[in-house]
Amino acid sequence: MQYQIMCGLSGSEMNALLDALRRQNINIPLKAVLTETNAKWSSARLYKELSAERAAFKAIAAKKAAGKGLHNK
């Protein structure tokens, strides 16, 4: 899986970029903003961290979806 690292963008530029990607149905599953902390990481470490974060968000979404199903019965 590929990932995208973004840096040098203002908050409004970042939002515009992400909105444009959504409008074009371009899916980049792993995205990161360059920070003081992750700038020191190897690409392997960044990939590992982004993958773990994505898995955590997917688990949260699955729990929310399961909870909604219970309330709809």
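The values are calculated or read from the model by the stated rules, or taken from the named source; none is laboratory data. Note that this is a predicted model, so its numbers are computed, not measured. Cβ: placed from backbone, ideal geometry, glycine included. Neighbour counts: every protein chain shown. Protein only, heavy atoms only, side chains kept; ligands, DNA and RNA dropped before computing areas. Shrake-Rupley method; radii C 1.70, N 1.55, O 1.52, S 1.80 Å.
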Kindly evaluate ILE28 against the criterion of being at pLDDT 90 or above and hydrophobic (A, V, I, L, M, F, W, C). no
Identify all residues within the stretch 1-28 that are over 19 Å from ALA39 (Cβ atoms), open to solvent by 80 Å² or more (accessible area, probe 1.4 Å) and either among the polar types (S, T, N, Q) or under 15 Å from the mean Cα position of the chain (by Cα) (or both); write none if there are none. MET1, GLN2, SER12, ASN15, ARG22, GLN24, ASN25, ILE26, ASN27
Can you tell me how many residues within the stretch 43-58 are open to solvent by 70 Å² or more (accessible area, probe 1.4 Å), touching a residue at least 24 places away in the same chain (Cβ under 8 Å) and of a type outside the set (Ser, Thr, Tyr)? 1
With respect to LYS68, is the statement that it is basic (Lys, Arg) and either surrounded by 10 or more Cβ atoms within 10 Å (Cβ to Cβ) or part of a loop (DSSP other than H, G, I, E, B) (or both) true? no
Somewhere in the stretch 43-58, is a residue of a type in the set (S, T, N, Q) and part of a helix (DSSP H, G or I)? yes
Selection over the stretch 29-42 where residues are without any contact (Cβ under 8 Å) to a residue 24 or more places away in the chain and either touching a His at 6+ places or on another chain (Cβ under 7 Å) or open to solvent by less than 80 Å² (accessible area, probe 1.4 Å) (or both) yields a count of 5
